[in-house]
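Asker: Structure incoming, see below.
The values are calculated or read from the model by the stated rules, or taken from the named source; none is laboratory data. Computed from a predicted structure; not experimentally measured. Glycine also receives a Cβ, built like all others from the backbone with ideal geometry; neighbour counts cover every protein chain displayed. Keep in mind that these areas ignore ligands, DNA and RNA; they rest on the heavy atoms of the full protein, side chains included. Shrake-Rupley method; radii C 1.70, N 1.55, O 1.52, S 1.80 Å.
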Amino acid sequence: MPKSSFYDEEFYPSPVRQTWNEFQRNHIALAGLWCLGFFVLLVLLGPWFLPFGPLAQNTEAILLPPAWDANGDVSHLFGTDGIGRDLLARVVHGCQITFGASFFLVLLAMLVGCSIGAYAGMSRGLRASIINHLLDAIMAIPTLLLAIIIVAILGTGLMNSMWAITLALIPQFIHHTRDMVGREYRKEYVTAARLDGASDARIFFHSILPNMIEMLVVQATMALSVAILDISALGFLNLGAQSPSPELGAMLSDALETAYVAPWSISLPGAAIFLMVLSINLVGDGLRTALKNRVNQ
Amino acid sequence: MLVYLGRRLNLLFFTLLILCIASYTLAFLFPGDPLTNLSGNPISSEDQAQQLRMMYALDDGYIAGFWQYLKLTLSGEWGLSLTSQNPIFADICQFLPASLELSLYAMAVSLLVGIPLGIAAGLNHRRYTDMSILSVSLVGFSMPVFWLALLLILIFSLQWGGLPMSGRVSLIYEIPQYSGFMLVDILQADIDNKKQVLMDALHHLILPTLSLSIVTCSLVVRLTRRSVINVMASDYIKAAYAKGLSRTQVFWHHGMKNALLPIMPQLAMQFTVLLTNAMIVEVIFSWPGIGEWMMQAIYQRDFPAIRGGMLAVSALVVIVTICVDLLIRTIYPLSKKQLHAQV
């Protein structure tokens with residue numbers, strides 16, 4: 001039976017596979033992915049390999065420079081801060097708090113934003129007009145400003161700042177989902193599904209959502225970098241995580257007092273934030289280009 | 001156009017109304033006595049409380065109270081700050097121009113540097129120029145603005161010692177407040193060492209402006225680059241090449257306008273991001289602007305000031321966005337197709 005395997009002769013990669021192939025061709029984005037993978041591993045496993053806790057003080061070694069400095073000591077790889085806490089331990093725990101908190105709040109914002117966005121995109125008439133008006137007004141206010149305002153109302157603290165940033169991120173997700181759903185809703189495959197008698201919910205989950213997932217992932221990476229920057233900014237302003245907590249932004253504002261004698265206590269936590277955001281942006285950018293190339297093919 | 005103008009003004013009106021409602025409601029949500037939160041007067045006697053209740057119409061229900069609050073807000077009666085007992089409106093009028101000044105200069109710098117770089121990258125798409133500009137802009141885009149400011153202070157103020165690290169102008173000079181914009185004030189002021197003071201103020205401006213504009217500049221580069229690439233790949237550009245025009249002619253006559261106009265609203269939106277970043281940078285550089293003032297208010301739980309600052313900053317952001325949108329509308333014909341108001 002020569003014809004039975006007719007379709008198997010040529011290999012058709014799945015859409016995800018195609019995106020991955022496109023993504024791989026961009027070496028810088030791939031490097032970003034490795035870096036991001038390193039951070040994820042660090043966040044998940046790092047604390048188990050550390051000899052010191054983030055709050056443990058070593059009064060013998062106060063303001064010790066990093067190990068690569070002439071006066072440094074290898075037992076404290078990144079040196080210590082003003083009250084003898086090991087900076088490496090603090091940076092790793094800080095990454096855990098900052099990255100973990102941002103990850104969960106982006107997930108939450110995405111869930112809520114998508115549901116409201118899908119609703120707004122599929123509704124018509126006055127209701128849609130009111131939702132859109134309100135949203136557009138909120139979209140104009142930058143997320144950090146919104147977060148500062150919400151923190152001012154709720155009071156300071158890591159949990160409150162997380163809520164604030166979640167609330168501030170939601171409008172962006174609503175906006176993108178609404179636009180996307182509105183665009184897809186007018187396409188013919190949706191009309192075909194409607195003619196088959198599918199309900200709005202079924203159309204959304206079975207027809208539109210699979211086409212939207214990748215856009216959502218790109219949007220989520222962008223939101224993740226914004227969330228990390230915002231959470232550490234709030235921490236830095238003493239509005240988010242409070243002082244003894246090893247949140248990266250709060251660590252930076254702690255280190256201000258010893259900035260002149262211990263510049264490493266400012267540069268290392270900041271560099272951690274920077275590398276994290278950079279790798280996320282690289283992955284997000286690479287993913288977006290890969291998707292665009294795939295669709296254009 | 002008139003319909004559109006109406007829609008925009010409608011949006012502006014309702015947004016401001018919602019902001020006012022929010023700020024009025026906040027007075028009741030904040031901990032403490034709503035009367036104190038509204039007026040900023042620590043209530044000392046029963047008599048005074050009665051007077052204030054009359055003034056804010058608190059006994060006549062929520063709607064009447066809000067109406068009264070709206071009237072007071074529009075006439076500039078924003079209450080007193082709890083900590084300093086200064087009128088909040090006067091405080092905001094004094095501090096807001098400082099933030100605006102900083103943001104405007106940073107905006108100007110990032111547009112002047114960002115747009116040419118973005119165009120250069122877009123025209124050399126997929127070549128080394130493009131790659132290097134794109135990577136540098138990605139680095140700038142990922143910098144946390146407060147860390148950047150701290151690094152700049154570490155390098156230029158502490159190590160090198162050439163640039164001042166706080167304030168708008170050295171304390172030895174006394175500049176009478178006139179418009180709130182430092183450079184304008186200095187030029188207006190009647191002092192003999194004008195040139196020296198001006199140089200000093202410019203020195204104070206360098207670091208805050210630099211730390212603000214690096215982030216914004218990289219955003220501008222990315223926006224411009226994307227738009228230039230899209231335009232240069234379109235059919236009318238190919239037609240222009242087919243006509244026999246040179247690269248420069250094609251770009252200046254056909255590409256430039258079409259690439260820059262559609263991104264104008266997004267570029268203008270950067271101003272609001274800048275204003276937020278300015279609030280952080282102000283705290284670091286002790287720049288006496290609205291951000292510093294509001295942070296102090298938040299630390300000291302000065303609720304009338306938080307309310308007033310929130311109202312002022314968000315109203316400013318909304319007004320700027322809508323004005324820019326209207327402006328774009330008048331000069332960019334393609335956007336006229338889209339009727340629904342959208343910020």
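Asker: May I ask you to list pairs of residues, at least six apart or on different chains, whose Cβ atoms are under 8 Å apart, with the first in the stretch B:143-165 being touching a residue at least 12 places away in the same chain (Cβ under 8 Å) and the second being open to solvent by 20 Å² or more (accessible area, probe 1.4 Å) and assigned to a loop (DSSP other than H, G, I, E, B)?
Answerer: Partner pairs satisfying both residue conditions: B:Ile153/B:Met165; B:Phe156/B:Gly162; B:Phe156/B:Leu163; B:Ser157/B:Leu163; B:Ser157/B:Pro164; B:Ser157/B:Met165; B:Pro164/B:Ser170.
Asker: May I pose another question? Can you pull out every residue in the stretch A:64-122 that is in contact with a strand residue (DSSP E or B) (Cβ under 7 Å, 6 or more places away or on another chain) and part of a helix (DSSP H, G or I)? Walk me through how you get there before you give the answer.
Answerer: Initially, the stretch A:64-122 is screened for residues in contact with a strand residue (DSSP E or B) (Cβ under 7 Å, 6 or more places away or on another chain), giving A:64, A:76, A:80, A:83-87.
Residue satisfying the conditions is A:Leu87 alone.
Asker: Where in the stretch B:59-158 are the helices (runs of 4 or more DSSP H), entirely inside, with at least 1 residues that are under 30 Å from A:Ala259 (Cα atoms)? Talk me through it step by step, then tell me what you get.
Answerer: Numbers: elements: B:62-74, B:88-123, B:128-142, B:145-152.
Once the helices (runs of 4 or more DSSP H) in the stretch B:59-158 are filtered for at least 1 residues that are under 30 Å from A:Ala259 (Cα atoms), what remains is B:88-123, B:128-142, B:145-152.
Asker: Could you go through the stretch B:1-19 and let me know if any residue there is closer than 28 Å to B:Gln177 by Cα and either free of Cβ contacts under 8 Å to residues at least 12 places away in the same chain or not assigned by TED's automatic domain parsing to the domain that holds B:Val273 (or both).
Answerer: Here is the first cut: in the stretch B:1-19, the ones closer than 28 Å to B:Gln177 by Cα are none.
No, the stretch B:1-19 has no match at all.
Asker: Determine whether A:Thr143 is within 13 Å of another protein chain (Cβ to nearest Cβ) and open to solvent by 60 Å² or more (accessible area, probe 1.4 Å). Break it down into steps so the answer makes sense when it comes.
Answerer: Numbers: within 13 Å of another protein chain (Cβ to nearest Cβ): yes; open to solvent by 60 Å² or more (accessible area, probe 1.4 Å): no.
The answer is no for A:Thr143.
Asker: Of all residues in the stretch B:1-11, how many are at the interface with another protein chain (Cβ under 9 Å from one of its Cβ atoms) and crowded, with 17+ Cβ neighbours inside 10 Å?
Answerer: Within the stretch B:1-11, the first condition is being at the interface with another protein chain (Cβ under 9 Å from one of its Cβ atoms), and the residues that meet it are B:10-11.
Retained after the next criterion (residues that are crowded, with 17+ Cβ neighbours inside 10 Å): B:11.
Total meeting the criteria: 1.
Asker: For the stretch B:270-292, state whether one or more residues are without any contact (Cβ under 8 Å) to a residue 40 or more places away in the chain, assigned by TED's automatic domain parsing to the domain that holds B:Pro116 and open to solvent by 50 Å² or more (accessible area, probe 1.4 Å).
Answerer: Checked the stretch B:270-292: no residue is without any contact (Cβ under 8 Å) to a residue 40 or more places away in the chain, assigned by TED's automatic domain parsing to the domain that holds B:Pro116 and open to solvent by 50 Å² or more (accessible area, probe 1.4 Å).
Asker: Hey, does the stretch B:134-146 have a residue that's within 14 Å of chain A (Cβ to nearest Cβ) and open to solvent by 60 Å² or more (accessible area, probe 1.4 Å)?
Answerer: Going residue by residue through the stretch B:134-146, those that are within 14 Å of chain A (Cβ to nearest Cβ) are B:134-146.
Filter again for open to solvent by 60 Å² or more (accessible area, probe 1.4 Å), leaving B:136.
The answer is yes; a qualifying residue exists.
Asker: Here's a follow-up. So if I check each of B:Leu35, B:Leu111, B:Leu52, which one is open to solvent by less than 60 Å² (accessible area, probe 1.4 Å), under 26 Å from the mean Cα position of the chain (by Cα) and either modelled with pLDDT under 85 or farther than 16 Å from B:Gly309 by Cβ (or both)? Give the derivation first.
Answerer: On the way: B:Leu35 fails: under 26 Å from the mean Cα position of the chain (by Cα); B:Leu52 fails: under 26 Å from the mean Cα position of the chain (by Cα).
The unique qualifying residue is B:Leu111.
Asker: Can you tell me which residue within the stretch B:56-84, out of those that are open to solvent by 70 Å² or more (accessible area, probe 1.4 Å) and of a type outside the set (S, T, N, Q), is nearest to the chain's Cα centre (by Cα)? Spell out how you get there, then give the answer.
Answerer: First, pick out the residues of the stretch B:56-84 that are open to solvent by 70 Å² or more (accessible area, probe 1.4 Å): B:59-60, B:62-63, B:67, B:71, B:74-75, B:77, B:83.
Pick out the ones that are also of a type outside the set (S, T, N, Q) and you get B:59-60, B:62-63, B:67, B:71, B:74, B:77.
On the way: B:Asp59: 38, B:Asp60: 38, B:Tyr62: 33, B:Ile63: 32, B:Trp67: 29, B:Lys71: 26, B:Leu74: 22, B:Glu77: 24 Å.
The selected residue is B:Leu74.
Asker: Could you grab me the full set of residues in the stretch B:224-256 that are surrounded by 13 or more Cβ atoms within 10 Å (Cβ to Cβ) and charged (D, E, K, R)?
Answerer: B:Arg225, B:Arg226
Asker: Could you check A:His175 against (1) in contact with a Leu (Cβ under 7 Å, 6 or more places away or on another chain); (2) open to solvent by less than 20 Å² (accessible area, probe 1.4 Å); (3) not hydrophobic (A, V, I, L, M, F, W, C) and say which number it fails?
Answerer: Exception for A:His175: condition (2).
Asker: Can you find a residue that is small (Gly, Ala, Ser), part of a helix (DSSP H, G or I) and within 14 Å of chain B (Cβ to nearest Cβ) anywhere in the stretch A:182-193? Even if it seems obvious, please write down each step before you answer.
Answerer: Keep residues of the stretch A:182-193 that are small (Gly, Ala, Ser), which gives A:182, A:192-193.
Adding the requirement that they be part of a helix (DSSP H, G or I) leaves A:182, A:192-193.
Checking the rest, the ones that are also within 14 Å of chain B (Cβ to nearest Cβ) come to A:182.
Yes, some residue in the stretch A:182-193 is small (Gly, Ala, Ser), part of a helix (DSSP H, G or I) and within 14 Å of chain B (Cβ to nearest Cβ).
Asker: Further, regarding this structure: B:Asp325 is checked against (1) more than 15 Å from the chain's Cα centre (by Cα); (2) away from every other protein chain (no Cβ under 11 Å) and fails just one. What number does that condition carry?
Answerer: (2)
Asker: Taking the condition of being in a helix (DSSP H, G or I) and either at the interface with chain A (Cβ under 9 Å from one of its Cβ atoms) or in contact with a helix residue (DSSP H, G or I) (Cβ under 8 Å, 6 or more places away or on another chain) (or both), how many residues in the stretch B:37-56 meet it?
Answerer: Of the stretch B:37-56, the ones in a helix (DSSP H, G or I) are B:37-39, B:46-56.
Cutting the leftovers down to either at the interface with chain A (Cβ under 9 Å from one of its Cβ atoms) or in contact with a helix residue (DSSP H, G or I) (Cβ under 8 Å, 6 or more places away or on another chain) (or both) gives us B:37-39, B:49, B:52-53, B:55-56.
Residues that pass the stated criteria total 8.
Asker: Please state which one of B:Ala305, B:Ala315 is under 27 Å from A:Ile149 (Cα atoms) and surrounded by fewer than 19 Cβ atoms within 10 Å (Cβ to Cβ). Quick ask: steps written out before the conclusion?
Answerer: Numbers: B:Ala305 fails: surrounded by fewer than 19 Cβ atoms within 10 Å (Cβ to Cβ).
Unique residue meeting the criteria: B:Ala315.
Asker: State all residues of the stretch B:44-75 that are among the hydroxyl-bearing types (Ser, Thr, Tyr) and within 15 Å of B:Phe28 (Cα to Cα); if no residue qualifies, say none. Quick ask: steps written out before the conclusion?
Answerer: Going residue by residue through the stretch B:44-75, those that are among the hydroxyl-bearing types (Ser, Thr, Tyr) are B:44-45, B:56, B:62, B:69, B:73, B:75.
Hits for the stretch B:44-75 are B:Tyr56, B:Tyr62, B:Tyr69.
Asker: Would you confirm, using the coordinates I've provided, whether A:Leu41 is among the aliphatic types (A, V, I, L, M) and open to solvent by 60 Å² or more (accessible area, probe 1.4 Å)? I'd like the intermediate steps shown before the answer.
Answerer: On the way: among the aliphatic types (A, V, I, L, M): yes; open to solvent by 60 Å² or more (accessible area, probe 1.4 Å): yes.
Against the criterion (among the aliphatic types (A, V, I, L, M) and open to solvent by 60 Å² or more (accessible area, probe 1.4 Å)), A:Leu41 qualifies.
Asker: Every residue in the stretch B:210-223 that is hydrophobic (A, V, I, L, M, F, W, C) and either free of Cβ contacts under 8 Å to residues at least 12 places away in the same chain or open to solvent by 30 Å² or more (accessible area, probe 1.4 Å) (or both), please.
Answerer: Going through the stretch B:210-223, the residues hydrophobic (A, V, I, L, M, F, W, C) turn out to be B:210, B:212, B:214-215, B:217, B:219-221, B:223.
B:Leu210, B:Ile214, B:Leu219, B:Leu223, listed by residue number.
Asker: Name the residue, out of B:Gln48, B:Gln94, that is among the polar types (S, T, N, Q) and free of Cβ contacts under 8 Å to residues at least 12 places away in the same chain. Show your work before the answer.
Answerer: Working: B:Gln94 fails: free of Cβ contacts under 8 Å to residues at least 12 places away in the same chain.
Of the residues listed, the single one that is among the polar types (S, T, N, Q) and free of Cβ contacts under 8 Å to residues at least 12 places away in the same chain is B:Gln48.
Asker: May I pose another question? Quickly run through the stretch A:147-172 and pick out the residues that are away from every other protein chain (no Cβ under 12 Å) and open to solvent by 50 Å² or more (accessible area, probe 1.4 Å).
Answerer: Answer for the stretch A:147-172, where residues must be away from every other protein chain (no Cβ under 12 Å) and open to solvent by 50 Å² or more (accessible area, probe 1.4 Å): A:Leu158, A:Met159, A:Trp163, A:Leu167, A:Gln172.
Asker: Determine which member of the set A:Ala227, A:Ala223 is open to solvent by less than 10 Å² (accessible area, probe 1.4 Å), more than 14 Å from chain B (Cβ to nearest Cβ), in a helix (DSSP H, G or I) and at pLDDT 85 or above. Write out each step before concluding.
Answerer: Values: A:Ala227 fails: more than 14 Å from chain B (Cβ to nearest Cβ).
Checking each option against the conditions leaves just A:Ala223.
Asker: Something else: Tell me, please, whether a residue that is of a type in the set (A, V, I, L, M), open to solvent by 40 Å² or more (accessible area, probe 1.4 Å), in contact with a Leu (Cβ under 8 Å, 6 or more places away or on another chain) and in a helix (DSSP H, G or I) can be found in the stretch A:258-271. Please lay out each step first, then the result.
Answerer: Taking the stretch A:258-271 first, the residues of a type in the set (A, V, I, L, M) are A:259, A:261-262, A:266, A:268, A:271.
Next cut, open to solvent by 40 Å² or more (accessible area, probe 1.4 Å) only: A:261.
Now narrow it down to the ones that are in contact with a Leu (Cβ under 8 Å, 6 or more places away or on another chain): A:261.
Filter once more, so that each one left must be in a helix (DSSP H, G or I): none.
There is no residue in the stretch A:258-271 that is of a type in the set (A, V, I, L, M), open to solvent by 40 Å² or more (accessible area, probe 1.4 Å), in contact with a Leu (Cβ under 8 Å, 6 or more places away or on another chain) and in a helix (DSSP H, G or I).
Asker: Considering the stretch B:184-209 alone, what residues qualify as being in contact with a Phe, Trp or Tyr (Cβ under 9 Å, 6 or more places away or on another chain) and either open to solvent by 30 Å² or more (accessible area, probe 1.4 Å) or on the phi > 0 side of the Ramachandran plot (or both)? Spell out how you get there, then give the answer.
Answerer: We begin by selecting, within the stretch B:184-209, every residue in contact with a Phe, Trp or Tyr (Cβ under 9 Å, 6 or more places away or on another chain); these are B:184-186, B:188-189, B:191, B:193, B:196-197, B:200-201, B:204-209.
The answer is B:Val184, B:Gln188, B:Ile191, B:Asn193, B:Gln196, B:Asp200, B:Ile206.
Asker: Provide a single number: the residues in the stretch B:186-196 that are modelled with pLDDT under 80 and either assigned to a helix (DSSP H, G or I) or touching a helix residue (DSSP H, G or I) at 6+ places or on another chain (Cβ under 9 Å) (or both). Let's see the steps before the verdict.
Answerer: Kept after step one, since they are modelled with pLDDT under 80, are these residues of the stretch B:186-196: B:186-194.
Add one more test, that the residue is either assigned to a helix (DSSP H, G or I) or touching a helix residue (DSSP H, G or I) at 6+ places or on another chain (Cβ under 9 Å) (or both), and what stays is B:186-189, B:191, B:194.
Total satisfying the criteria: 6.
Asker: Out of everything in the stretch B:271-307 that is on the phi < 0 side of the Ramachandran plot and hydroxyl-bearing (Ser, Thr, Tyr), what residue ends up being farthest from the other protein chains (Cβ to nearest Cβ)?
Answerer: B:Tyr299
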